[in-house]
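Enquirer: Right, I'll just put the structure down here and ask away after.
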Amino acid sequence: MLENFKNRIRQLKRETYALYLVARHPQTPWYAKLFVAGVVAYAFSPIDLIPDFVPVLGYLDDLILIPLGIAIAIRLTPPDILVECRAKAQEIVAAGKPVSRVAAAVILGIWVLLVALGMFWAYEAFA
């Protein structure tokens, strides 16, 4: 059972990376690109709609929203593009984990901005 769960997680990661490639594919319709980019950004972002420290509800977004978003994104994507991007994602994942330094920098920048805004708010509230 644990091995089956691990396989599903690996499959979900590959599918998410394939959707990332779909969002960057030049033949993907604009509405699909927009939705897919939002789903992939939310899946890869450490910032959740419901924080994970909230009991039970914190993990519901990860267990329900992300798979639901992926399912809708797959339906919006033309099948030929999806097949092409899945194959490319499989090759990249097999060669090693994909690394995006730009995405890491953007996420780090968001966290720094949030901390700075929080410190500014705290200073204004207590000073």
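Conditions tested, residue by residue: (1) exposed (fewer than 14 other Cβ atoms within 10 Å of the Cβ); (2) at pLDDT 90 or above.
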{"residue": "Leu63", "(1), (2)": "yes, no"}
{"residue": "Ile70", "(1), (2)": "no, no"}
{"residue": "Asp80", "(1), (2)": "yes, yes"}
{"residue": "Ala89", "(1), (2)": "no, no"}
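Enquirer: Then there's this: So which pairs qualify, if the first residue must be in region 60-85 and without any contact (Cβ under 8 Å) to a residue 40 or more places away in the chain, the second must be of a type outside the set (Gly, Ala, Ser), the Cβ gap must be under 6 Å, and the two must be at least 6 apart or on different chains?
Expert: Short answer, once both residue conditions are applied: Asp61/Asp48; Asp61/Leu49; Asp61/Ile50; Gly69/Val39.
Enquirer: With (1) loosely packed, with under 15 Cβ neighbours inside 10 Å; (2) in the same structural domain as Gln27 (by TED's automatic domain parsing) as the list, and Leu108 as the residue in question, which single condition is left unmet?
Expert: (2)
Enquirer: Right, next: Could you look through region 32-49, keep only residues that are aromatic (Phe, Trp, Tyr) and surrounded by fewer than 18 Cβ atoms within 10 Å (Cβ to Cβ), and pick out the one that is modelled with the highest pLDDT? Explain how you work it out, then say what you get.
Expert: If we filter region 32-49 for residues that are aromatic (Phe, Trp, Tyr), which is where we start, we get 35, 42, 44.
If we keep only those that are surrounded by fewer than 18 Cβ atoms within 10 Å (Cβ to Cβ) too, we end up with 42, 44.
Values: Tyr42: 79, Phe44: 75.
Checking each candidate, the answer is Tyr42.
Enquirer: Which of the residues spanning region 1-49 are in a helix (DSSP H, G or I), of a type in the set (Gly, Ala, Ser) and either in contact (Cβ under 8 Å) with a residue 24 or more places away in the chain or assigned by TED's automatic domain parsing to the domain that holds Ala105 (or both)?
Expert: Of the residues in region 1-49, the ones in a helix (DSSP H, G or I) are 2-24, 30-44.
With the extra rule that they be of a type in the set (Gly, Ala, Ser), the set shrinks to 18, 23, 32, 37-38, 41, 43.
Ala18, Ala32, Gly38, Ala43 - these are the residues of region 1-49 that are in a helix (DSSP H, G or I), of a type in the set (Gly, Ala, Ser) and either in contact (Cβ under 8 Å) with a residue 24 or more places away in the chain or assigned by TED's automatic domain parsing to the domain that holds Ala105 (or both).
Enquirer: Turning to a different aspect of this structure: Among the residues of region 117-127, are any surrounded by 14 or more Cβ atoms within 10 Å (Cβ to Cβ) and of a type in the set (Asp, Glu)? Quick ask: steps written out before the conclusion?
Expert: Taking region 117-127 first, the residues surrounded by 14 or more Cβ atoms within 10 Å (Cβ to Cβ) are none.
No.
The values are calculated or read from the model by the stated rules, or taken from the named source; none is laboratory data. In this text the structure is predicted, and so the values were computed from the model without any measurement. For neighbour counting, all protein chains shown are included, and Cβ atoms are generated from backbone atoms with ideal geometry for every residue, glycine included.
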